[in-house]
Every structure is written in C-alpha cells, then in structure tokens.
1. Across region 330-355, which residue is surrounded by the fewest Cβ atoms within 10 Å (Cβ to Cβ) among those that are assigned to a helix (DSSP H, G or I) and more than 8 Å from ligand 1 (Cβ to nearest atom)?
2. Please go through region 168-184 and pick out each residue that is closer than 15 Å to residue 206 by Cβ, more than 14 Å from the chain's Cα centre (by Cα) and within 16 Å of ligand 2 (Cβ to nearest atom).
3. Of the residues that make up region 252-263, is at least one within 16 Å of ligand 1 (Cβ to nearest atom), modelled with pLDDT of 95 or more and open to solvent by 20 Å² or more (accessible area, probe 1.4 Å)?
4. Considering each of 419, 375 in turn, give the residue that is open to solvent by 60 Å² or more (accessible area, probe 1.4 Å), not charged (D, E, K, R) and not in a helix (DSSP H, G or I).
5. Could you tell me whether any residue of region 432-448 is more than 28 Å from residue 333 (Cβ to Cβ) and either at pLDDT 90 or above or of a type outside the set (Val, Ile, Thr) (or both)?
6. Among all residue pairs at least 6 apart or on different chains, which show Cβ distances below 6 Å where the first residue, located in region 273-289, is free of Cβ contacts under 8 Å to residues at least 60 places away in the same chain and the second is among the aromatic types (Phe, Trp, Tyr)?
7. Pick from 450, 372: which is more than 26 Å from residue 239 (Cβ to Cβ) and either touching a strand residue (DSSP E or B) at 6+ places or on another chain (Cβ under 6 Å) or not polar (S, T, N, Q) (or both)?
8. Please go through (1) among the basic types (Lys, Arg); (2) within 26 Å of residue 339 (Cα to Cα); (3) surrounded by 21 or more Cβ atoms within 10 Å (Cβ to Cβ) for residue 237 and return the number of the only condition it doesn't satisfy.
Amino acid sequence: MSELLEASRAMKKFYIETFGCQMNAHDSEKVVGTLVRQGYTQVDSPEQADLIFYNTCSIRDKAEQKVFSRLQQFKRDAGKGKVFAVLGCVAQQEGERIFERAPHVSLVAGSASYTKLPEMLVQLEAGNRRVTGLSLDTTETFDTPFTRRDNPHRAYITIIEGCDKSCAYCVVPFTRGPERSRTSESVMREARTLAEAGYSEVQLLGQNVNSYRDPSPAGWDFSQLLAGTGKIDGIRRVRFTTSHPRDFVKNIVDAIDACPALCNHVHLPVQSGSDAVLSRMQRLYSRDQYIRRIEWIKNSKRDIAITTDIIVGFPGESEADFNQTLRLAEEVEYDSMFIFKYSKRPNTSALQYEDHIPEEEKTRRLMVLQERQRTIQIRRNASYIGRTEEVLVEGYNLATDQWIGRTSQNKTLNFSDSTLPAPSNDNTLVGQYSDVLITRAGPNSLAGERSSPEAASLAVS
Ligand code: 5AD
Ligand code: SF4
C-alpha cells in the first residue's frame, strides 16, 4: 500500500451501530478490527465520522425498520461528504433495493461477504458509490486475528455461520446463507489465544451450534468442541448459543457433566408448546421430543438453568395451542424466556398461511405468557436463596452501592461487600470471580453478600 493511501486512510473516521443478536455484535467486533487494520479510526458518534456503518437485523419487522429510520435521520449528512454503509441481515435481505430506498447509502453487504470488506473499502475509497457484497454462495467463514473485542473478560467465538434449517417464520437462512463450520483447530487456536490474553470466559456462537461439524479430518462434533474448549488452561467459563432442539444430543449434557468449565446454562428455543404449531413452523421436533431433551438436562448432575424463545400468534395458533405453550412453560419451569409476537418476514414459507392472528390478540397472548413466566421466575429464583454461587464480576452500580455479577446459570447476582472500599481503578473486582451468598431474589435477578471476606483482600491485592 502506498504511503499516500495509508495516510489518507488514517484520517478516515468511522462509526458503527449494531442491531440484533450476539452473532451481529461479534461480526461488528470483527468488522471494526478489519477497519482498524486498514488504517481507519473508530469514533463514538456519527457526527464525528466520515464513514457510518449500520450492522442490521431483520429478524422481525420492527428491527428492520430501525435502520431505515436511522438512515432517514442522517440523510442530510450525505451531502456533507459522509459515506453510509449498511451491513448485515437487512443488507442481505433488501440488497440493491436499499440504494432505491436510501440513495445516500454507498455500501450494502451481507455477513457472508465480510471477508471481502477490504476490497469493498478500496472501491469506496476510489469514489464508487454503489458497492455491494451480496453473494451467499460461499463456503468461507469470516475469521480474522484482528477482532476488536468490546469486553476484556468475556469473548465471543463464532464456530458456525449460516443455517440449513427452514423454520417457516425465519429469515436467517436467507440472510446468513448455508451452514459453514470452522475447523476445530482454528476454534481451539482462537480460544487459547484468548486465554493467553486474559479472557476467562468464551461464548461459542452460531445460529445452530448443535449442528457444528468440524470440516477437518479431526471431525469433532459440538460436544467434543465444548469439551476441548472447556479444558483450555485459563478458560473458566464456556457458554454457547443458540441451540436447535432437533440437533441437541445427550452428549452435550454429558460434556457439561464432565467438565466444570462448561456453564450451567442451556438456551433451548422451543417456539411453541403445541405439536400442531410446531409442525406448521417446520421445527422438526414434537413437544414430547423436546421434553425428552429437557429431561436429559434436568437429570444432569449439575444444576443447569434452562431458557427459551417463544413466538406467540404464529398463523393458525388457536387458544388451545396457546394454552399448550402456557402448560409447557409451567412444566419446564424456565429460568427465563424471550417472548416475541409473530412478525411476517419476506421469503419465508409462513407467508403462505392465511389465518393470521390479529395484532391485539398477539399482544394479549404475549402479556398472559409474560405474567405466567414472571411467577415462574419468582419461584425459581427464590429457590436460590441460601445458596452460594460463584460470579464473574461485571461491574459496579454506584446508585445501589453494589457489585454486579453473573452466575454460571447466567443469572444476574448483585452483591455488596462491606469489607471493600468503593471501587477505584486499582481495587476493582471487575473481571474477577467471587463466591456470593444469595440472600434475596426477584423475578429478574438475585442479590447477596460476598461470602468470604478473606477473599476480598486477595482479590484487590
Ligand atoms: N417473528 C417473531 N419472532 C421471530 N423469531 C424469529 N423469527 C421470528 C419472526 N418472524 C424469534 C424466534 C427466535 C428468536 C431469535 O427470534 O423465537 O428464536
Ligand atoms: Fe437478526 Fe437473525 Fe440476523 Fe441475528 S441472524 S441479526 S437475529 S436476523
């Protein structure tokens, strides 16, 4: 690269805003790393930037609308020489239509094209105002050693990209393309490097981590990858998301049982408790098959928290179907639940259904389920009172004078410690592990006291 070009890029400031899931958050960390490597500088506001990136989500209509409202908001700035780029799922879904809807956008690229980002940036630099990266025809994953991670203690690692399922409501196979797994060697190398750099928690990411299949001769499956990462020196916690019940095998629970570093948490999205709805959703499992997987988890030697995603108001969902979902929530006693109202998505097969549920009815079902789940969480969390749990300390809340920790079950546990002075740079517990006695519980979090004061002096030394 010529010195002149390098110098002109060093002056280029970019801003990035990310919407959507953890995959998107981590993609942005990789995009930022790639940009910085190319000589760009990240800034904290769109006003300061020459290049503005939106890494977008299209899982529900509302998420998709967000990016168009952002683009509208800053439209005037295009005239002042700012360049706009749309990345991610809306970019892939809408493609060149984005140029029509928002003519001030110059780059539109889906996640399957991020490996080509450096070339696309060169085209932008050369003044090309219609740069695209929209092919899904790829066997590559976006691996880079230059990732700029937002958190110094917990790190995401993508193990598989794309999705080969065809859930009737879901846009992801169209926005993220076919499944591509990384080699186990490359995942393990990244995890070791992270451990050496001081990260103690890794989160293995994929749209469906359970269908991970090592493309190298080692041929590891997901449970072997879990066991492998869990054994790395310095890695104290391994999490993973998201699981698909169809591909969730008992070996995964066996791996958790065998390896203390694997966290006590499984997120297993069920979407509905009704067989009729599951079948129309093309989820490829029945309620009974799902319950069997829950039993494996509950029969574990470990105390594994179970969380899920539910869609209410899928086309044709009757009152009886919805009641099945309510009953399933009671039966499983989820530790937490994300509830969504069904949202029509482009290209998806559910568009063929005509028996749509009115918006008010979806809202009613959402509220009924939320209320039911709240009661379950109060009960579940109360059962933790009197127990001591280890937390990774994530922060300090000045207003409540409490530390914020996260348990292995992924529950927030706020705690106080009378032996410690207010935090400063040299006595912070953030990033450390601490045992906390749980004394109170609410629907969404736990509270307690640091249980071993002697440990405090160790932790701050
Ligand atoms: N409408 C509502 N919720 C959806 N999800 C995925 N697609 C849709 C849709 N069209 C939910 C599912 C999934 C979570 C990430 O988002 O519950 O597990
Ligand atoms: Fe949103 Fe799904 Fe894309 Fe994640 S993969 S950003 S949830 S549409």
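The values are calculated or read from the model by the stated rules, or taken from the named source; none is laboratory data. This is a predicted model, so every value here is computed, not measured. Here the Cβ is made from the backbone with ideal geometry for all residues, glycine too, and neighbour counts use every protein chain on show. Ligands, DNA and RNA are stripped out before the accessible areas are found, and what is left, the full protein with its side chains, is counted by its heavy atoms. Shrake-Rupley method; radii C 1.70, N 1.55, O 1.52, S 1.80 Å.
1. The qualifying residue surrounded by the fewest Cβ atoms within 10 Å (Cβ to Cβ) is 352.
2. The answer is 170, 173, 175, 176, 177, 178, 179, 180.
3. no
4. Exactly one of 419, 375 is open to solvent by 60 Å² or more (accessible area, probe 1.4 Å), not charged (D, E, K, R) and not in a helix (DSSP H, G or I), namely 419.
5. Yes, that holds for at least one residue.
6. 277/314
7. 372
8. Condition (2) is where residue 237 drops out.
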